[in-house]
Amino acid sequence: MLPKILVVDDDRHTRILLDRLLAKTATVSLATDGAEARQLFAADDFNLVLMDQRLPDVNGIALLREFRASRPQLVSMLMTGFADVRDAVAAVREGLFDYQTKPFEDLEALEAVIGKALELDRAYREIDGLRARLLTVADQPVVIGQSAAMARALGQIRQVAGLDTTVLLEGESGTGKDLAAKLIHALSPRADKPFLEVNCGGLPESLLESLLFGYEKGAFTGAGQANAGYFEKAHEGNLFLDEIADMSPKLQSSLLRVLQDHSFTRIGSTQQRKADFRLICATNRPLLAEVKAGRFREDLYYRIAVVSVRMPPLRERAGDIVPLAAHFLDHYSAKFAKVCGPFTPAAVQGLENCRWEGNVRQLQHCIERAVALHVGGAIDSLHLFPACEQAVRTQLADTVSAALLRYQDARADFEREYLRRLLVAAGGNVSEAARLSGIPRQNFYVRMKRWGFVAD
Ligand SMILES: Nc1ncnc2c1ncn2[C@@H]1O[C@H](COP(=O)(O)OP(=O)(O)OP(=O)(O)O)[C@@H](O)[C@H]1O
Ligand SMILES: [Mg+2]
């Protein structure tokens with residue numbers, strides 16, 4: 001397959017020239033401004049980006065920076081006028097592959113440089129592939145995710161794992177941030193060094209401070225002996241700060257200082273110690289919103305969100321639900337020594353229709369409970385969503401006894417069956433079932449009560 005090159009330039013002649021020059025060796029996409037470039041970049045996996053420095057709507061260097069935030073190993077070149085060379089040189093230090101001055105004088109030389117850039121991209125990808133393969137044999141957490149949304153997040157994780165940059169994992173509760181942090185550790189060159197994890201929301205400020213910084217003997221009441229903190233214990237490894245948004249303002253500024261000069265002191269000591277850990281942070285509240293609300297330091301935000309990865313909620317990756325369910329079914333069947341499965345079609349439908357507000361964790365618990373209570377064999381929607389069980393029992397009893405000849409009975413039967421299906425579709429959530437039905441809420445509850453789906 002030909003490599004893909006994105007050319008961003010507002011000058012038509014440059015676009016035509018590059019398109020002609022590269023058409024034989026690459027698939028070329030052309031953008032005339034920043035907005036178009038962003039769109040193309042988001043939709044495709046480019047091997048190289050050739051960027052004009054002066055675009056009508058954005059500075060080319062800033063745009064490349066933005067692209068690299070989501071793909072740190074992106075290979076890119078800047079095309080610049082003589083007047084702007086100084087900025088371009090600075091950009092090369094930031095990780096730009098090269099810059100070319102316009103108008104291009106030597107097209108052969110230009111082609112050669114582009115060839116080198118593509119080689120570099122190939123090498124990056126090969127290393128990523130090798131690392132991924134190496135780690136499938138190593139002790140690595142199992143991460144299920146075939147959907148496009150998850151593939152994107154995993155791609156970012158894989159790329160960033162090998163670098164020493166700080167990573168911010170954002171996502172709703174239960175989307176797999178913890179798991180992602182462990183994966184980053186397992187895929188990083190620091191994998192055989194410590195991985196330490198602390199939940200910033202779960203501890204009082206003073207305790208969290210002594211846990212992170214460590215303390216000397218007698219530093220405070222109860223400090224009977226000196227203790228190294230996580231900054232020290234995570235030496236050469238990864239430190240994972242979960243629920244970072246909950247960190248107190250005081251600790252936020254202490255952490256910022258540590259990140260600025262990679263050194264710190266234990267509580268009760270003046271001895272500077274070196275902090276060689278890579279930081280991974282997670283939050284289930286969008287951190288930028290916390291910054292805007294004045295609850296999180298902006299400078300700290302930019303320190304820790306060098307690369308930020310969003311773990312998509314399950315409703316944005318419906319394609320992952322069944323594979324995840326199958327994975328958990330396997331796991332818990334083995335754990336509880338039972339032969340459970342497969343899922344019946346109704347179970348699959350119920351799984352796919354459920355809203356999973358609690359994301360993967362809720363799905364995991366749902367399967368765990370079903371397997372734990374199961375005698376073995378196929379798993380039906382009723383095993384997964386027991387709220388509907390009562391409903392079906394009532395319905396079965398009735399259909400056996402009644403000869404549904406009268407219109408009234410037939411309508412009642414329909415309504416019961418309809419409500420039952422609705423409940424299954426809503427994953428047992430009555431309010432959600434009401435919403436799906438479009439029946440006014442009060443009326444809906446009356447009907448649910450009538451057929452014994454909810455208690456009085
Ligand atoms: N893609 C996945 N493949 C397999 N298991 C997963 C996946 N995502 C999450 N899990 C599992 O789901 C559970 C919840 O995930 P995790 O604890 O990582 O979520 P979280 O985003 O950290 O949640 P919280 O914000 O509540 O801390 C864990 O048991 C985890 O192993
Ligand atoms: Mg977590």
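Every number in this text was worked out from the coordinates using simple rules, so none of it is lab data. Not measured: the values here are computed from a predicted model. Here the Cβ positions follow ideal geometry from the backbone for every residue, glycine too, while neighbour counts run over all protein chains shown.
Miscellaneous remarks
- For the peptides 53-59, 331-337, the ranking by packing is 53-59, 331-337, with the highest mean count of neighbouring Cβ atoms within 10 Å listed first.
- T344, T175 arranged by Cβ crowding within 10 Å, fewest neighbours leading: T344, T175
- With a cut-off of 13 Å between beta carbons, the residues surrounding E236 carry a summed charge of +1, where Lys and Arg count +1 and Asp and Glu -1.
- Other residues with beta-carbon under 15 Å from the beta-carbon of D246 carry, at +1 per Lys or Arg and -1 per Asp or Glu, a net charge of -2.
- The chain - charge dipole about Cα centre, Lys and Arg +1 at Cβ, Asp and Glu -1, debye rounded to 20: 1180 debye
- Averaged over residues, the count of other Cβ atoms within 10 Å places the peptides 67-79, 152-164 in the sequence 67-79, 152-164, highest first.
- Relative contact order, percent, the stretch 70-203 [alpha-carbon distance under 8 Å, six or more residues apart]: 22 percent
- Volume in Å³ per residue [convex hull over Cα atoms, computed for the stretch 1-141]: 117 Å³
- Computed on the stretch 47-127, the Cα convex hull volume stands at 87 Å³ per residue.
- Zone of L163's modelled label, taken as backbone nitrogen in the stretch 50-81 under 20 Å from a point 7 Å along Cα→Cβ: 50-52, 59-79
- Sequence of E243, E66 once ranked by neighbouring C-beta atoms within 10 Å, starting from the fewest: E66, E243
- Here is the list for the stretch 178-271: chymotrypsin sites (Phe, Trp or Tyr not before Pro) lying in DSSP coil, each with at most 16 other C-beta atoms within 10 angstrom of its C-beta, are F220.
- Helix 148-161 axis, angle to the chain major axis (alpha carbon atoms, nearest 10°): 40 degrees
- Relative compactness, the stretch 96-248, computed as alpha-carbon Rg over 2.2 N^0.38 Å: 1.44
- Shape call, the stretch 1-79: gyration tensor on alpha carbons, a/c limit 1.5: oblate
- Neighbourhood charge, 15 Å Cβ-Cβ cut-off, centred on F97 and excluding it, Lys, Arg +1 and Asp, Glu -1: +2
- Looking at the stretch 4-128, the DSSP beta bridges with both ends there are about 5 percent antiparallel.
- Loop-located trypsin sites (Lys or Arg not before Pro) in the stretch 190-264 (DSSP state other than H, G, I, E, B) with a sparse environment of at most 12 neighbouring Cβ atoms within 10 Å: K217.
- Estimated purely from DSSP H runs of n ≥ 4, each contributing -39500 (n - 2.57), the mean residue ellipticity at 222 nm for the chain is -15500 deg cm²/dmol once divided by its residues.
- Extension reserve of the T265-V89 stretch, reckoned as 0.36 nm per residue once the Cα distance is removed: 59.6 nm
- Note that the chain, at 37 °C in a medium of 0.692 mPa s, gets a Stokes-Einstein diffusion coefficient of 125 µm²/s from its Kirkwood radius over C-alpha pairs.
- Cα pair count fraction exceeding 17 Å, expressed as % - the stretch 316-384: 31 percent
- Label sites at H365 and R12, each approximated as a point 7 angstrom past Cα along Cα to Cβ, lie 6.1 nm apart.
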